[in-house]
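What follows is a short report on a single structure.
The values are calculated or read from the model by the stated rules, or taken from the named source; none is laboratory data. Given the structure is predicted, the values throughout are model-derived calculations rather than measurements. Reconstructed Cβ throughout: ideal geometry from the backbone, glycine too, with neighbour counts over all protein chains shown. These area figures cover heavy atoms from the full protein model, side chains too; ligands, DNA and RNA do not enter into them. Shrake-Rupley method; radii C 1.70, N 1.55, O 1.52, S 1.80 Å.
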Amino acid sequence: MKIALLLEDMPASMEMLREVAQTAFPGIRLCCVTDVASALKVINQFRFDLALIDLSLPDGDGTTVVEAMSTRFPDSVIVVATIFDDDDHLFPALRAGAQGYLLKDQAPEQL
């Protein structure tokens, strides 16, 4: 893994996901954005190996970014990181191209 996209609008969650990514992948470069529009813009500027994407964002649904990422970077690892623990959020994210689904209320060690 070389470069990762972190899409998260909550500062505390962004910091936690940043730490998790850096621990799991030492030396990874992170591109952190807080809304769907910024994420869609940045995926046209860089090639991402990993994405951690929140679903509930100020300007839309992170599933839009999952779909765009999976189309543009089919070999990237795309993981949803959310608080939603239900099928109504899980299955659309997986159908859009997410390969994983993490709950942000888990301990960082579990993530």
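Amide H contacts under 5 Å for residue 29: 3, 4, restricted to partners 5 or more places along the chain or on a different chain, H placed in the peptide plane at 1.01 Å from N.
Ignoring ligands, DNA and RNA, what percent of the 1.4 Å accessible area of the chain is carbon and sulfur?
Values: 3070 of 5900 Å².
In the chain, the share of accessible area belonging to carbon and sulfur is 52 percent.
Can you list the GluC sites (Glu not before Pro) in segment 9-109 that are in a DSSP coil and have 10 or fewer other beta carbons within 10 angstrom? Here the GluC sites (Glu not before Pro) that fit, given the DSSP loop and packing criteria, are 109. Within the listed set 49, 61, 86, the residue fluctuating most in the Gaussian network model of the chain (springs between alpha-carbon atoms under 10 angstrom) is 86.
Residue ranking by accessible heavy-atom surface, 1.4 Å probe, largest first, among 10, 69 comes out as 10, 69.
Enter the accessible area per residue of the chain (Å², integer; probe 1.4 Å; all protein chains in place). Please report the intermediate quantities before stating the final value.
Numbers: 5900 Å² over 111 residues.
Normalised by residue count, the accessible surface of the chain is 53 Å².
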